[in-house]
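First up is the structure itself, then whatever we jot down about it.
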Amino acid sequence: MDQLIECKDIVKIYRGRGLAGAARGFKAVDGINLSVAKKTSFGLVGESGCGKTTFARTLLYLDPPSSGSVRYDGVELGTLSHRELRKFRKRMQIVFQDPNSALNPKMSIFDSLSEGLINRRIDKDERGRRIKDLLDLVGISYAYKNRYPHEFSGGQKQRIVIARALSMEPDFLLLDEPVSNLDVSIQAQIINLLSDLKKEFSLTYLFISHDLNLVSYMCDTVGVMFKGKIVEQAPTDLLVSNPTHPYTRRLLASIPGAAFGERGLSKGLEEESVLVIEARKAQRQGSGGCPYYPFCPIGDGECTSRAPGLRSLGDDTISSRHVVSCFKTEAGT
Ligand SMILES: Nc1ncnc2c1ncn2[C@@H]1O[C@H](COP(=O)(O)OP(=O)(O)OP(=O)(O)O)[C@@H](O)[C@H]1O
Ligand SMILES: [Mg+2]
């Protein structure tokens, strides 16, 4: 399939304060490989602090990766000048969790939506027409065009942010927890809106969330992220029907009514044993071992000495797309 995005070995290191921090830094993203085929949606799921937003920002070169490469529609973003990148980035729009910080409180929504169109040198009459169409698309009345962000609800503001992203006629939307700040009923409306827009404009999505349920509803492929790495990735139905990494099982187990492996929780999720304490210490010192081991119900001594890499769960075209980084699991167990 034709790939819109191909990331190879993306690493992002934040240099901390103080001598040790500055020297060693903190790997917020630790070697992510990920491709998103055109017109598909990829869901990236993981708990708070695992590096989702950091990865999103490196992907768009808003904050370039410390190492690794991003190809967008065949073009290596790292080779572009600032100017070329800015031009290119119009094709890649991002929607963040908090619409309040995305919209300028001092600008009417008409002016907010005009910005991108002016930038694209679209004349005044045409701008008016396009803004009407965009607001129609996201379900906001054109009669409200002169209102300011504070006059809208959270869900309406997120609709306006989505309209603004669409005004650039992107082919890719990066949705970073776009509904986490909203009430559950409003979440569903925005998700449905995003699904409709995706079809209508043949968009490609990277959908970031801590909610595996949401991601699996929206996306064709799901990647599960833990501490800066993808620990399992598969076409959505495979991942949901056969979650293989203990962390994925734990995420699924926390969805009410979801099935999970019977041995999934038997050891207790965060049981502190001498081995666990040792493993945490080894992790902190960067001396190897599986990062999930301290939380893992099935890990053993093997997992403390070296870190597993991603491996395929089968050879055929479908199961080879299901990859997992765990020594202890097999497909179907
Ligand atoms: N600018 C920064 N400088 C130093 N560390 C940072 C910076 N931004 C993020 N971090 C750290 O990097 C890690 C990953 O943060 P990130 O915001 O990418 O996580 P996330 O998965 O998006 O979390 P959330 O679900 O809460 O949004 C965290 O430990 C965070 O404290
Ligand atoms: Mg985030």
Subject >> Residues of the range 65-94 satisfying the condition of being assigned to a loop (DSSP other than H, G, I, E, B), away from ligand 1 (no atom under 13 Å from the Cβ) and buried (at least 16 other Cβ atoms within 10 Å of the Cβ) >> reply: Asp73, Leu80
Original post:
Name the residues in the range 221-249 that are touching a Leu at 6+ places or on another chain (Cβ under 9 Å), of a type in the set (A, V, I, L, M, F, W, C) and under 18 Å from Pro308 (Cβ atoms), would you?
Top reply: Val224, Met225, Ile230, Val231, Ala234, Leu239
Original post:
Thr244 is checked against (1) at pLDDT 95 or above; (2) part of a loop (DSSP other than H, G, I, E, B); (3) of a type in the set (S, T, N, Q) and fails just one. What number does that condition carry?
Top reply: (1)
**OP:** Kindly check whether there is at least one residue in the range 41-49 that is surrounded by fewer than 20 Cβ atoms within 10 Å (Cβ to Cβ), in a helix (DSSP H, G or I) and not acidic (Asp, Glu).
**Re:** no
Subject >> Set Ser69, Ser41, Ser35: member being closer than 26 Å to Val179 by Cα and in contact (Cβ under 8 Å) with a residue 60 or more places away in the chain >> reply: Ser41
Original post:
Any idea which of Ala102, Ala56, Ala143 is within 16 Å of ligand 1 (Cβ to nearest atom) and at pLDDT 95 or above?
Top reply: Ala56
Original post:
If only one of Thr54, Thr79 is over 21 Å from His322 (Cα atoms), polar (S, T, N, Q) and under 16 Å from the mean Cα position of the chain (by Cα), which one is it?
Top reply: Thr54
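The values are calculated or read from the model by the stated rules, or taken from the named source; none is laboratory data. The structure presented is a predicted model; accordingly, all values stated were derived computationally and were not measured. Note that each Cβ is placed from the backbone with ideal geometry, even for glycine, and that neighbours are counted across all protein chains shown.
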